[in-house]
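The values are calculated or read from the model by the stated rules, or taken from the named source; none is laboratory data. Just so it is clear, the model here is predicted, and its values are computed rather than measured. Every residue, glycine as well, gets a Cβ built from its backbone with ideal geometry; the counts of neighbours run over all protein chains shown. Calculation scope for accessible area: heavy atoms of the full protein, side chains included, ligands and nucleic acids excluded. Shrake-Rupley method; radii C 1.70, N 1.55, O 1.52, S 1.80 Å.
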Amino acid sequence: MKLDLAAEKKRVYELFARERQFANKGYRYIAGVDEAGRGPLAGPVVAAAVILPLDVFILKLNDSKLLSEKQREAVYEEIKGRAVAVNFSVVDEKYIDEHNILNATLHAMQKAVQGLSVKPDIVLVDALKIPGLDVPQENIIHGDRLCASIAAASIIAKVERDRIMRNYHEMYPHYDFCNNKGYCTKKHVESIKKYGLCPVHRRSFSIKGWDCVES
């Protein structure tokens, strides 16, 4: 099916509505923040922060969950090439087990924002409020589908985490991390039962029972 470019440009323009609202209030550098990996049994949680120019058009910019892996990789490269600033932060499974997944996610988000090469004037976050920031922030429910910079952050976080999990697959091939990315699939749980936990499994997740989906 051929892409309607005019419709796509209109959709992406509308995705910047919140950024334009804040720009009209005087904010110049508007960062979107999102994470990937809160739910898996293995691997880190990754958060990303992205500041986009308000006039940029990035084809297929959207919530990372609405894109195929190939589409995410392509949009990832566009974001990296055209953003004002991009940063991501990785918090490993040991920190998750020690501090719980919510605190690990907030820690990753804080590090992602603080590591930006350009300090944002305001931070837009998907659903959460990040502690320890010295700039204003706004939490937006379903922000990854409603806000361009949060959507961009969701893609950066997802692609970076998927790359980590593919590397872990090379180290621990029994668990099929290249396909499940650490999430709870039937095949993944069967591997855990057969081989036990590997070093990158989250002990605080894996011992509590599993509610799994088919891979």
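Leaving out ligands and nucleic acids, note down the accessible area per residue over the chain with a 1.4 angstrom probe, in whole Å².
With the other protein chains kept in place, the chain gives 50 Å² per residue.
Relative to the longest principal axis of the C-alpha atoms of the chain, give the angle of the C-alpha long axis of helix 69-82, reported between 0 and 90° and rounded to the nearest 10°.
Between helix and principal axis, roughly 40 degrees.
In nm, give the distance between the simple-model label positions of ASN167 and ALA23, each being 7 Å from the Cα along the Cα-to-Cβ direction.
The answer from the label model is 3.5 nm.
Points 7 angstrom from Cα along the Cβ direction at LEU197 and LYS119: gap in nanometres?
4.1
What part of the accessible area of the range 5-195, given as a whole %, is carbon or sulfur when the probe is 1.4 angstrom?
Percent of accessible area from carbon and sulfur atoms in the range 5-195: 50.
Please state the relative contact order of the chain as a whole percent: Cα pairs under 8 Å, 6+ residues apart?
27
Classify the range 48-189 as rounded, prolate or oblate from the Cα gyration tensor: take a ≥ b ≥ c as the square roots of its eigenvalues, call it rounded if a/c is under 1.5, otherwise prolate when a/b beats b/c and oblate if not.
oblate
State which entries of LYS10/LYS187; LYS111/LYS193; LYS94/LYS194; LYS60/LYS129; LYS70/LYS111; LYS2/LYS119 exceed 30 angstrom in Cα-Cα distance in the structure shown.
Pairs exceeding 30 Å: LYS10/LYS187; LYS111/LYS193; LYS2/LYS119.
Any idea how far apart GLU14 and LYS2 come out in nm if each label point goes 7 Å out from Cα toward Cβ?
Going by the 7 Å Cα→Cβ label model, 2.3 nm.
Once the Cα atoms of helix 148-171 and of the chain are each reduced to a long axis, what angle between those two axes, in degrees from 0 to 90 to the nearest 10, is obtained?
Helix 148-171 sits roughly 30 degrees off the main axis of the chain.
For the range 42-107 and the range 155-202, compute the distance between their C-alpha centroids and round to whole Å.
So the separation of the two Cα centres works out to 18 Å.
Treating the angle as unsigned and between 0 and 90°, give the value, to the nearest 10°, between the Cα long axis of helix 5-15 and the longest Cα principal axis of the chain.
Helix 5-15 sits roughly 90 degrees off the main axis of the chain.
Summing Lys, Arg as +1 and Asp, Glu as -1, what charge do residues with Cβ under 10 Å from the Cβ of ASN139 carry, ASN139 excluded? Provide the component values of the computation, followed by the final result.
Numbers: positive: LYS129; negative: ASP126, GLU138.
Net charge in that neighbourhood comes out at -1.
Over the range 116-215, calculate the relative contact order: mean separation of alpha carbon pairs under 8 Å at least 6 apart, over the residue count, as a percent.
So the answer I get is 16 percent.
Once every DSSP H run of n ≥ 4 in the chain is given -39500 (n - 2.57) and the sum is divided by its residues, what mean residue ellipticity at 222 nm do you get, rounded to the nearest 500 deg cm²/dmol?
Details: 10 runs with 100 residues, N = 215.
Calculated from helices alone, the mean residue ellipticity at 222 nm is -13500 deg cm²/dmol.
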